[in-house]
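Worksheet for the structure shown next.
Just so it is clear, none of the values below were taken in a lab; they were calculated from the coordinates. For clarity, every value in this text was computed on a predicted model and none was experimentally measured. Because the Cβ atoms are built from the backbone with ideal geometry, glycine has one as well, and the counts that use them run over all protein chains shown.
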Number of protein chains: 2
Amino acid sequence: MSIVSRRLEDELREGPEISPELDRLMRNARKASDFLKALSHENRLLLLCLLAEGERSVTELENILSLRQPTVSQQLARLRLDDLVTTRRDGKTIYYSLANDDVRRVISVIYDMYCGTPASDAK
Amino acid sequence: MSIVSRRLEDELREGPEISPELDRLMRNARKASDFLKALSHENRLLLLCLLAEGERSVTELENILSLRQPTVSQQLARLRLDDLVTTRRDGKTIYYSLANDDVRRVISVIYDMYCGTPASDAK
DNA sequence: AAGATATATGCGAATGCGATAATATGTCTT
DNA sequence: AAGACATATTATCGCATTCGCATATATCTT
């Protein structure tokens, strides 16, 4: 990870031109912040926590979290657009689950931070 | 992690009262989403990436990222308020660094996702 | 004390986001 | 085909965030 500033500072010394390395880094940062924005919502975080345990239907999520159907559906739509979750239809009901391991990994870290040990609950 | 929905569903069966477990979970989710919101910004993410390599003065950050001083200062202030970074004064200059290991851990995961392998840069 | 440097803050305009309610779509059953 | 159930979409409104700019504060030097 310590290569980041090294590269940027090297380019800085070469003059005030536009730095391709910085440009690359900024594009990555934009994508990363888009991903994090998708996570940065109380309800979406709860939904993802549940989905981390396995797939769920909209109705199940609605009941477990005591949220209204349009709310759940709306937030799931957002997560779908950002490719954080995928769906599977079975008759009337649609089952949601986490889309990939990146999501799983981040959710796991966040879960450990805020729900990990009982002591940390009051953090 | 699979205890979350178990507990919630148990409480659901007991009736429509307000669930203390859900309440606790929602408070944690709020804190977690506040934390993630602080991260969910292109420039703040870049700042944190640099700080993950070691402490930096405002001027250094400003030069490396080619951002204006008020912009850098403003985003650092936000990170300070959310306890993601700490400061150390030495004369005129103020050095910033990451506040704790939680931040370090999350930044590391995000960095791996978006800047990890060269191939993943185009992700 | 004055000037220079380093950092912080306040403000107004533009934009984006979330909650809610109402409505629409799709699928099954009979 | 009709009605019931599961899910999705749309519109509106109010609120919070962001950005750029101007300005303020703090520290050092001479």
- Query: Which whole-number percent gives the relative contact order of chain B, counting Cα pairs below 8 Å spaced six or more residues apart?
  - Reply: 19 percent
- Message: Averaged over its residues, how many other protein chain Cβ atoms are within 10 Å of peptide A:20-29's Cβ atoms?
- Response: 5
- Item | Net dipole in debye of region B:1-94 [+1 Lys, Arg Cβ; -1 Asp, Glu Cβ; about Cα centre; nearest 20] | 400 debye
- What nm distances, shortest first, do you get from the label point of A:Lys92 to those in the other copies when the point sits 7 angstrom along Cα to Cβ? 7.2
- Most fluctuating of B:Arg56, B:Arg68, B:Arg80 in the GNM of chain B (C-alpha, under 10 Å) is B:Arg68
- Mean ellipticity per residue at 222 nm, deg cm²/dmol - from DSSP H runs of n ≥ 4 across the protein assembly as shown, formula -39500 (n - 2.57): -20000 deg cm²/dmol
- Query: For the rotation bringing B onto A, which B residue has its Cβ nearest the axis, and at how many Å?
  - Reply: B:Ser40, 2
- Task: Taking the dipole about the Cα centre of the protein assembly as shown, with the C-beta of Lys and Arg at +1 and of Asp and Glu at -1, give me whichever of B:Leu45, B:Ser97, A:Ala52 is farthest to the positive side.
- Result: B:Leu45
- Message: Looking at chain B as a GNM with Cα springs under 10 Å, which of B:Asp101, B:Asp90, B:Asp82 has the largest mean-square fluctuation?
- Response: B:Asp90
- Message: Compute the helix-to-body angle for B:20-39: its Cα long axis versus the longest principal axis of chain B, expressed 0 to 90° and rounded to tens.
- Response: 20 degrees
- Inter-copy separations for B:Glu55, label at 7 Å along Cα-Cβ, nm, ascending: 5.2
- Between region A:47-123 and region B:33-108, the alpha-carbon center distance in angstrom: 30 Å
- Query: Tally Lys and Arg at +1 and Asp and Glu at -1 over the other residues with C-beta under 10 Å from the C-beta of A:Tyr95: what net charge comes out?
  - Reply: 0
- Query: What net charge do the residues around A:Leu65 carry, taking every other residue with its C-beta under 14 Å from that of A:Leu65, with Lys and Arg at +1 and Asp and Glu at -1?
  - Reply: -1
- Put the label 7 Å from Cα along Cα→Cβ for A:Val109; what are its distances to the other copies, in nanometres, shortest first? 0.6
- Item | Computed magnitude of the charge dipole of the protein assembly as shown (debye, nearest 20; Cβ of K, R +1, Cβ of D, E -1) | 400 debye
